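Inspection log for the structure reproduced underneath, given as structure tokens.
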Amino acid sequence: MQVASREFTSVTPENSMKWRSLAPAPDEYDFSGADQLVDFALANGQRLRGHTLFWHRLNGLPSWLHAELDAASDPAARLRELMADHTATVVGRYAGRIAQWDVINEPLGIASGDFDRENIFYQLLGEEYLDLALLHAHAADPSAELFINETFTEFQPQKFDALIALAQRVLARGAPLHGIGLQGHFFLRAPDEAVLRDQLRRIAALGLKAEITELDIPLPLFDTTPDPLAAQAQAYADVFNACLAVPLCSGITVWGVDDAHTWLDSFVITAGNAPNRPLLFDGQLQAKPAYHAVVDALLDAVPWRIVSN
Ligand code: XIL
């Protein structure tokens with residue numbers, strides 16, 4: 001907690017604001033975990049990113065949702081109603097306190113630019129679900145910046161193109177979209193600074209903010225290099241430099257504080273490589289080379305330097 005309050009200017013919940021975590025039943029909410037995080041961040045003067053309203057993968061959906069929709073005479077109408085209620089309840093509760101919301105998480109297929117066919121929102125409502133969610137969120141908190149967040153676009157140019165096209169359609173329909181998040185889970189491939197910078201620029205060219213929202217870079221990626229911790233540090237610096245080069249890149253969020261607490265060590269695709277050690281602090285909360293590389297990148301970007309001896 002001390003590291004989280006001392007070292008970071010922004011906070012996001014890993015799980016506690018997902019629909020499944022918040023709503024044990026359709027009309028029942030338990031905000032205890034989410035409130036705790038909000039109180040912590042505000043007490044420390046930190047910005048909050050809300051994550052995430054609508055996500056159909058892993059632990060994103062409430063366990064009761066499918067049964068609830070199956071039982072409805074008009075499942076699409078019931079889903080619209082549930083989405084409206086959920087957004088009003090959650091975004092409304094934290095209005096003025098949560099600066100950014102990942103309203104939609106991962107609309108596209110993992111390895112394609114098409115909508116994910118397994119996405120219950122898309123199945124029942126089509127692309128309209130994006131606009132609906134954004135409009136409800138905007139009504140509940142007009143000051144919140146609303147994001148679509150996507151994964152594995154950083155090394156899949158076609159998927160990234162599809163994400164841009166999607167954002168353009170949403171904007172053309174007049175829905176309130178303010179930013180695009182690239183998750184930055186680099187466990188399949190290390191980041192490429194030039195590619196990432198170009199993608200962030202293309203987001204900015206739409207007039208949208210861009211953020212890296214869930215950054216982690218596992219150490220085993222660099223096993224074949226002489227100094228894996230140094231290579232990991234360089235990869236972190238590359239991500240930060242890409243963002244620093246783009247004025248509308250407004251933030252980078254790492255997906256965890258220290259290597260003893262990373263989802264990658266239990267996630268099915270990456271658990272076999274545990275310990276993944278993908279973060280800025282080691283399991284003893286000591287700053288790693290990656291931490292120092294990030295600090296250097298940030299200091300280098302400050303237009304003035306304090307010179308001392
Ligand atoms: C992950 C959490 O880190 C895990 O604890 C949980 O078991 C599953 O979800 N993309 C996202 C995040 O948008 O919400 C996911 O978080 C990681 C992938």
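The values are calculated or read from the model by the stated rules, or taken from the named source; none is laboratory data. This structure is a prediction, so every number in the text was calculated from the model and none was measured. FYI the Cβ positions are ideal-geometry reconstructions off the backbone, even for glycines, and counts take in every protein chain you see. To get the accessible areas, we keep the full protein, side chains included, count just its heavy atoms, and leave off ligands, DNA and RNA. Shrake-Rupley method; radii C 1.70, N 1.55, O 1.52, S 1.80 Å.
Applied to the range 82-91, the Karplus parametrisation 6.51 cos²θ - 1.76 cosθ + 1.60 on θ = phi - 60° returns per-residue 3J(HN,Hα) values of 5, 5, 4, 5, 4, 5, 4, 5, 7, 5 Hz, with x for Gly and Pro.
Report, to the nearest 10°, how far helix 289-301 tilts away from the longest principal axis of the Cα atoms in the chain, using its own Cα long axis and a range of 0 to 90°. Helix 289-301 and the main axis of the chain meet at about 90 degrees. The separation of the range 253-298 from the range 1-69, counted between C-alpha centres, amounts to 21 Å. Counting protein heavy atoms only, the range 45-94 has 50 percent of its accessible area on carbon and sulfur, 1.4 angstrom probe. Quarter the surface of the alpha carbon convex hull of the range 243-307 and you get the mean projected area, 5.9 square nanometres. The dipole here belongs to the range 192-309: it is taken about the Cα centre, uses +1 on the Cβ of Lys and Arg and -1 on the Cβ of Asp and Glu, and is about 420 debye.
Compared with the dominant Cα axis of the chain, that is its longest principal axis, helix 193-205 is turned about 40°. Dimensions of the range 172-213 based on its C-alpha atoms, expressed as ranges along the principal axes with the largest first, amount to 36, 17, 13 Å.
Computed over the alpha-carbon atoms, the chain gives an Rg to Rh ratio of 0.96, Rh here being the Kirkwood radius from the mean inverse distance. Scalar couplings 3J(HN,Hα) for the range 124-133, obtained by applying the Karplus form with A = 6.51, B = -1.76, C = 1.60 to θ = phi - 60°, are 8, 10, x, 4, 4, 5, 5, 4, 4, 4 Hz; x denotes Gly and Pro. Once the 1.4 Å probe is applied to the protein heavy atoms, the chain comes out at 44 Å² accessible per residue.
For the chain, the longest principal axis of the alpha carbon atoms and the long axis of helix 157-172 meet at an angle near 50°.
If you take the alpha carbon atoms of the range 1-82 and fit the smallest convex hull around them, that volume is 98 Å³ per residue.
Using a 1.4 angstrom probe on heavy atoms only, work out the carbon and sulfur share of the accessible area of the range 221-309 in %.
58
Converting the Cα gyration tensor eigenvalues of the range 212-285 into ellipsoid dimensions via √(5λ) gives semi-axes, longest first, of 22, 15, 11 Å.
Couplings 3J(HN,Hα) of the range 276-281, computed from phi: 6, 6, x, 10, 8, 10 Hz, in residue order, whole Hz [Karplus 6.51 cos²θ - 1.76 cosθ + 1.60, θ = phi - 60°; x for Gly and Pro].
Over the residues of the chain, the helix contribution to mean residue ellipticity at 222 nm works out to -12500 deg cm²/dmol, using -39500 (n - 2.57) for each DSSP H run of at least 4.
Counting only Cβ charges, +1 for Lys and Arg and -1 for Asp and Glu, the dipole size of the range 185-247 around its Cα centre is about 320 debye.
Of the whole protein surface, residue 195 contributes about 60 Å² of accessible area at a 1.4 Å probe radius. So for the chain, taking the charge dipole from beta-carbon charges (+1 Lys/Arg, -1 Asp/Glu), which of 101, 65, 263 sits furthest toward the positive end? Of the candidates, 101 comes out farthest on the positive side. A simple charge model with +1 on the Cβ of Lys and Arg, -1 on the Cβ of Asp and Glu and nothing else charged puts the dipole of the chain at about 620 debye relative to its Cα centre. The alpha carbons of the range 132-242 occupy a box of 52, 26, 20 Å along the principal axes, longest dimension given first.
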